[in-house]
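Worksheet: one structure, shown below.
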Amino acid sequence: MNKYEIMFIVRPDVEDDARNTIIEGFKKILTNDNGVIDNVNEWGLRDLAYEIKDYAKGYYVVVDTTTAPANIAEFERLSRINANILRHLTLRR
């Protein structure tokens, strides 16, 4: 198990309920095989440095987790194919 910091940006036009479902789904993936979510910071709606897919704003979420590399790989795979995620970044601490 390794410590990771993950930031992902959700499209700004996603409704609150759908956004919470996305966040909970990603938290569930990261907690597989005894993974632990240490902290979740929702930074909220912020301006992007440049437009991504014609959006100038995005909803930022930062997750600190202790989990297995397989869970990180699954998170990254699903965040790439999810149309509601504009960008994601995973850092190993």
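In table form, for the structure just shown:
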quantity: Boolean, LEU78 is under 11 Å from the mean Cα position of the chain (by Cα), open to solvent by 60 Å² or more (accessible area, probe 1.4 Å) and closer than 22 Å to ASN2 by Cα; calculated: no
quantity: Matching residues, segment 48-75, being within 15 Å of MET7 (Cβ to Cβ) and either assigned to a strand (DSSP E or B) or in contact with a Pro (Cβ under 8 Å, 6 or more places away or on another chain) (or both); calculated: LEU48, ALA49, ILE52, GLY58, TYR59, TYR60, VAL61, VAL62, VAL63, ASP64, THR65
quantity: Subset of segment 32-46 (residues that are closer than 15 Å to PHE75 by Cα, modelled with pLDDT of 90 or more and either of a type outside the set (A, V, I, L, M) or open to solvent by 60 Å² or more (accessible area, probe 1.4 Å) (or both)); calculated: VAL36
quantity: Segment 1-30, residues that are touching a helix residue (DSSP H, G or I) at 6+ places or on another chain (Cβ under 8 Å) and surrounded by 14 or more Cβ atoms within 10 Å (Cβ to Cβ); calculated: TYR4, ILE6, PHE8, VAL10, VAL14, PHE26, ILE29, LEU30
quantity: Residue in segment 36-52 that is out of contact with any Ser or Thr (no Cβ under 7 Å at 6 or more places or on another chain), under 19 Å from ASN82 (Cβ atoms) and in contact (Cβ under 8 Å) with a residue 40 or more places away in the chain present; calculated: yes
quantity: Neighbours by Cβ (under 8 Å, 6+ apart or cross-chain): first from segment 15-34, at positive phi; second of a type in the set (Val, Ile, Thr); calculated: ASP33/THR67
quantity: Residues (part of a helix (DSSP H, G or I) and hydroxyl-bearing (Ser, Thr, Tyr)) located in segment 15-40; calculated: THR21
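The values are calculated or read from the model by the stated rules, or taken from the named source; none is laboratory data. Worth saying up front: this structure is predicted, and the values here are computed from it rather than measured. Counting neighbours? That spans all protein chains shown, and the Cβs are built from the backbone with ideal geometry, glycine included. For accessibility, only protein heavy atoms count, side chains too; no ligands or nucleic acids. Shrake-Rupley method; radii C 1.70, N 1.55, O 1.52, S 1.80 Å.
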